[in-house]
1. Could you check how many residues of the stretch 213-231 are more than 10 Å from the ligand (Cβ to nearest atom) and open to solvent by 10 Å² or more (accessible area, probe 1.4 Å)?
2. Determine which member of the set His479, His453, His377 is closer than 17 Å to Phe301 by Cα and not aromatic (Phe, Trp, Tyr).
3. Which of the following residues is open to solvent by 10 Å² or more (accessible area, probe 1.4 Å) and farther than 30 Å from Gln167 by Cβ: Thr447, Thr461, Thr468?
4. Taking the stretch 242-267 as the search range and keeping residues that are under 21 Å from Leu64 (Cβ atoms) and outside any strand (DSSP E or B), which one is nearest to the ligand (Cβ to nearest atom)?
5. Scanning the stretch 243-260 for residues that are in contact (Cβ under 8 Å) with a residue 60 or more places away in the chain and not charged (D, E, K, R), which turns out surrounded by the most Cβ atoms within 10 Å (Cβ to Cβ)?
6. Just the residues that are open to solvent by 10 Å² or more (accessible area, probe 1.4 Å) and either away from the ligand (no atom under 11 Å from the Cβ) or over 28 Å from Tyr351 (Cβ atoms) (or both), please, taken from the stretch 189-199.
7. What residue, among those in the stretch 268-305 that are among the hydroxyl-bearing types (Ser, Thr, Tyr) and within 16 Å of the ligand (Cβ to nearest atom), is nearest to His225 (Cα to Cα)?
8. Select from the stretch 35-62 the residues that are among the polar types (S, T, N, Q) and either modelled with pLDDT of 85 or more or open to solvent by less than 70 Å² (accessible area, probe 1.4 Å) (or both) and list them in ascending order.
Amino acid sequence: MLHIIYDVFMTSASPPLYLQLADEVAAQIEAGILQPGERLPSLRDMRSRRGLSLSTVQEAFRRLEDRGLIQAKPQSGYFVSARAPRPHAGSPTLPGEVEVDPLLWSYVQDITDQFGARINSFRSVAPAPELLPLAQLQKLMADCVRHEPELLSDYGSPAGDLRLRRQIARQALEWGGQLAPERLIITHGTIEALNLALSALTRPGDVVAVESPAYFALLYCLKAHGLRAIEIPTDPEYGISVEALELATREHAIQAVILVANFSNPQGSLMPDSAKQKVADLLASRDIPLIEDDVYGEFYFGAQRPRPIKAFDQCGNVLYCASLTKNVAPGLRVGWIEAGRYQARIEVQKYISTHSTPLINQVVLARFLEDGGYARHMRKLRRKLAAQMRELASGVRRYFPAQTRFIVPQGGCVLWLELPASFDSIQFFLRARDEGIGVAPGPLFSTRGEYRHCLRLSCATPWSPQQTALLARLGALAHELLAQARPGAQAPQRVASLAL
Ligand SMILES: Cc1ncc(COP(=O)(O)O)c(C=O)c1O
């Protein structure tokens, strides 16, 4: 079987050879040509058969390790991971209304418990304040107020401050992005970017395809825009099923697709580059715009920032949205969109929605990026989040029922747990909330109340003995609820839907 790897013809110089090689091997693993546990050719073997340098092959293998596709075993070589991609189960749903359970809406509002204490432990996906560069931002803000008072009096242009746009464009070079500063539009966080894209591309009643499960605020946005959703099955490790997406685009008139390819919320999945390429090509060929939410792209634990689908976009079909809210300053609410061939429409939408984003917030962040503070901060933040994710995963293994299944993401800050079908995550959420512990129940992430047996935990709070104790308490609660559930029973489905 391995000969297939050698026989694949290597094409021209772009993208780099190591990525081409990594993607070819990934595609073979995905297709099941290389099976879990199977040994890969040695680095030297691969080098001489492919006529590549040793460092190119090493880098390709490193990428595959980072994606969790292969593992090195001391003295034995590289093997396809035991947890190789599963064939994607399931088909897309039919287009349907987005349901928002009033009970779940209270999740969004309840950021404090009944005693007024902040519920944060495993709930928030924004890193805790201790992990953010608040002292530097405070200094920069004070300096701006003192020396540039016009930042307080000036509306600023709808597209945003050019210094910041230049820094964002420079940052994108890390993933090979050619984001021209003049094509970026600064927004109030990613959420405004997503809403602008939806306003520009859709009309009430249109159908939009989303991952399943998907970020709940995005689902609320679809509802508020009067859109219908098709949920596409999404693998917790490898992201959206390209086959199911292809089927949905063939069978339905889809106006736009929204995806989080890098460390999705709630699953933390990371699409392989080969799948990103396929999605970019598929949607371009069908003339369906892709709204890409890359808010977690910078939260990688491996050596390299994963590329967004935007990196594979040849024709301006991807509207790329991201922000500095999660990783630097949630309170400054600064994000952006590069809207490809839809730029003019987005500019109008930005103007009529909020006119512009507060200038002082933009300039503070531009200066933070300019002076190298951002790069240093991100290196630290990634290390800390990776360590917190390890603690969280090992705590779940220790305290939760043995049937709890999860995949440890390679980045981001959420862990998606699947418990037996009789587990009721809404009861669990309410009981935990009564004890002042925050968790996110599965149905929040579905347009139709699915995933009742699933749960999202975040690792955005620094680890401490108190976190361990709270996690142990959650584990005990999960045991308790499961013991009370009738074996073989399904958790009840939801009934009401909130008008937004
Ligand atoms: C997937 C996803 N997209 C967008 C957002 C909102 O990001 P922002 O704070 O930049 O508006 C979040 C926040 O939780 C998220 O998880």
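The values are calculated or read from the model by the stated rules, or taken from the named source; none is laboratory data. Predicted, not measured: the structure shown is a model, and the values here were computed from it. Positions of Cβ are backbone-derived with ideal geometry, glycine not excepted, and every protein chain shown enters the neighbour counts. In case anyone asks, the SASA skips ligands and DNA or RNA and just uses the protein heavy atoms, side chains included. Shrake-Rupley method; radii C 1.70, N 1.55, O 1.52, S 1.80 Å.
1. Qualifying residue count, the stretch 213-231: 6.
2. Working: His479 fails: closer than 17 Å to Phe301 by Cα; His453 fails: closer than 17 Å to Phe301 by Cα.
Just a single option satisfies the conditions, and that option is His377.
3. Matching residue, one of Thr447, Thr461, Thr468: Thr468.
4. Only one residue tops the list, namely Ser264.
5. Selected residue: Leu245.
6. Within the stretch 189-199, just Ser199 meets the criteria.
7. Step one: filter the stretch 268-305 for residues among the hydroxyl-bearing types (Ser, Thr, Tyr), giving 269, 274, 285, 296, 300.
Next, only the ones that are within 16 Å of the ligand (Cβ to nearest atom) stay: 269, 296, 300.
Numbers: Ser269: 27, Tyr296: 24, Tyr300: 32 Å.
Among them, the one singled out is Tyr296.
8. Let us first name the residues in the stretch 35-62 that are among the polar types (S, T, N, Q), namely 35, 42, 48, 53, 55-56, 58.
Passing the criteria: Ser42, Ser48, Ser53, Ser55, Thr56, Gln58.
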